[in-house]
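Worksheet for the structure shown next.
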Amino acid sequence: MKKIILYLVMGTTILGAQLVDGYYSVQGEKYHYGWLSTASITVEDGEIVEITTNKVNKEGDLVTEDAEYNKKMLAKSGVTFKEFSVEGPKNLMAVLKGNRDTAFHLPEIDIVAGATSSSKKFKKMMEFLVEKAESGEAGKYRMKL
């Protein structure tokens with residue numbers, strides 16, 4: 001099985017930014033091939049302690065549990081969305097845990113080989129959620145991806 005490569009490079013410092021505890025989630029406004037992209041973060045004691053990403057269809061099914069979708073994605077790109085949904089957040093969390101400065105740093109999220117579209121959407125959703133966590137606007141959101 002092809003390994004997922006996710007490079008995380010420390011990016012720009014968001015000076016003086018503090019994250020407000022809470023649960024922040026977002027999903028796309030438009031279905032792409034029958035699926036909405038989703039992501040969430042949980043902030044405790046000013047730090048992101050959990051990150052998730054997935055896709056959901058109109059019936060509420062998750063793409064990570066859709067064997068046919070993952071089989072097709074693997075054949076086309078060399079990676080399944082199920083792998084991406086685990087490795088992307090796990091690698092980002094590893095970088096964030098090593099980043100315990102007084103200001104919050106959101107690392108640059110490079111593209112995952114074989115999952116370019118998913119990576120771009122994940123990055124955009126993470127930026128959006130961090131902005132919400134900085135302002136303390138916990139909740140569920142929709143956004144254009």
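With 75, 113 as the choices, which residue is at pLDDT 90 or above and not β-branched (Val, Ile, Thr)?
Numbers: 113 fails: at pLDDT 90 or above.
Unique residue meeting the criteria: 75.
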Pairs returned, first residue in the stretch 47-71 that is in a helix (DSSP H, G or I), second residue that is of a type in the set (S, T, N, Q) and crowded, with 16+ Cβ neighbours inside 10 Å, beta-carbon separation under 7 angstrom, 6 or more apart or interchain, are 63/54; 64/54; 64/85; 70/80
Residue pairs qualifying under the 7 Å Cβ cut-off, at least six apart or on distinct chains, with the first in the stretch 116-132 being over 12 Å from residue 143 (Cα atoms) and the second being in a helix (DSSP H, G or I) and at pLDDT 90 or above, are 118/81
message = If I filter the stretch 19-26 for residues that are modelled with pLDDT of 95 or more, surrounded by 15 or more Cβ atoms within 10 Å (Cβ to Cβ), part of a strand (DSSP E or B) and on the phi > 0 side of the Ramachandran plot, do I get at least one hit?
response = yes
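The values are calculated or read from the model by the stated rules, or taken from the named source; none is laboratory data. Computed from a prediction, not measured in an experiment: that's the story for all the values here. Ideal geometry is used to build each Cβ from the backbone, glycine not excepted, and the neighbour counts take in all protein chains shown.
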